[in-house]
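Heads up, the thing below is written out as structure tokens.
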Amino acid sequence: MKINKYITETNRWKGRYGASVKWITIHYTAGIGDTAYGNCQYFSTAYRAASAHFFVDETSIWQSVELEDSAWHCGDAPSRNGCNNLNSIGIEMCSDKDSKGNYYISEETVANTVELVIYLLGRYPDAQLCRHYDVTGKKCPMPWVYNEQLWIDFKERVQEGLPMTAAEKKWVEGIEKKAKDLEKKAEDLSKKNAELEGQLAALGKSSTENLEAVQASIKGIKNEVMPRWGFVDGNMPSWMKPTIKKLVAKGYLKGDKNGNLQLSYQFARALVVLDRAGSFDK
Ligand SMILES: [Zn+2]
């Protein structure tokens, strides 16, 4: 925003008597719908025993005292925070009253003041912000004394608008690098995870295959040695039937008390071989 000038030659000290700008002090005019230009005009026409460097309203910023000179806005006596007329810049915000008769600073005026303060902090990076209230205890700007949050919000808006300091830049770079490292780590972990999953899948397949093979051999062994045929009937293979029939007839094979022979494959085969050799024909 443009800074208009309407410099007073009356209400100010020339220079700062060796002091440097350490503070930027915020006030309100306690006017009712007054304007920045109107205030500049007022302070330029006669001795007023008061002044400020800047006046801000909803649409404009007007400068009344040069920054090298001292305005009369917060006093010369030893103050609460060390701020005085010689080491500070004074900004007056134009004000208005609501329907209940309470002073307020409009959002547009606050926004313009934020912009002005950001500009001034660019010129005086070491200057601190304060209210007139913080210097002398005067209720100025009144709405920001009765509602401290408005003052906190204002300072935050200024802070957000300031360019980063070298230290802040370094901090942000550090955070960015950390985030990048973490991202890389996450990527590596995800790769490793995929690898492990692959290994697990292979392991799972081979163990299933192994299990199936073992189960098949158990089945084979069972088939060989477990009794499968109890009686000479339709279930018995024809190659063993004549031999078994003969042995039962001769009384060599009797089975259990129910006549169940419980013949396994191996045993039945052995009997058939012996029978073919004539072992049971004597
Ligand atoms: Zn004030």
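The values are calculated or read from the model by the stated rules, or taken from the named source; none is laboratory data. Remember, predicted model here, so these are calculated numbers, not experimental data. As a convention, Cβ positions derive from the backbone with ideal geometry for all residues, glycine included, and neighbour counts pool all protein chains shown.
Return the residue satisfying two criteria in turn: it lies in the range 129-142 and is surrounded by fewer than 19 Cβ atoms within 10 Å (Cβ to Cβ) and either in contact (Cβ under 8 Å) with a residue 24 or more places away in the chain or assigned to a helix (DSSP H, G or I) (or both), and of such residues it is nearest to the ligand (Cβ to nearest atom).
Thr136
Of all residues in the range 74-99 being among the hydroxyl-bearing types (Ser, Thr, Tyr), out of contact with any Gly (no Cβ under 6 Å at 6 or more places or on another chain) and within 15 Å of the ligand (Cβ to nearest atom), which is farthest from Arg12 (Cα to Cα)? This residue is Ser79.
Does Ala277 fit the bill of being surrounded by 10 or more Cβ atoms within 10 Å (Cβ to Cβ) and either small (Gly, Ala, Ser) or at pLDDT 90 or above (or both)?
no
Quick one: is Pro78 assigned to a loop (DSSP other than H, G, I, E, B) and under 35 Å from the mean Cα position of the chain (by Cα)? For Pro78, the condition - assigned to a loop (DSSP other than H, G, I, E, B) and under 35 Å from the mean Cα position of the chain (by Cα) - is not met.
In the range 66-73, the condition of being acidic (Asp, Glu), modelled with pLDDT of 95 or more and within 16 Å of the ligand (Cβ to nearest atom) is met by no residue. Against the list (1) surrounded by fewer than 17 Cβ atoms within 10 Å (Cβ to Cβ); (2) within 22 Å of Leu150 (Cα to Cα); (3) small (Gly, Ala, Ser), the condition Gly31 fails is (1). Checked against (1) in contact with a helix residue (DSSP H, G or I) (Cβ under 8 Å, 6 or more places away or on another chain); (2) buried (at least 23 other Cβ atoms within 10 Å of the Cβ); (3) of a type in the set (S, T, N, Q), Asn39 meets all criteria but (1). For the range 86-107, the criterion of a residue being more than 17 Å from His27 (Cβ to Cβ), in a helix (DSSP H, G or I) and not aromatic (Phe, Trp, Tyr) is satisfied by at least one position. All of (1) outside any helix (DSSP H, G or I); (2) loosely packed, with under 15 Cβ neighbours inside 10 Å; (3) aromatic (Phe, Trp, Tyr) hold for Tyr119 with one exception: (1).
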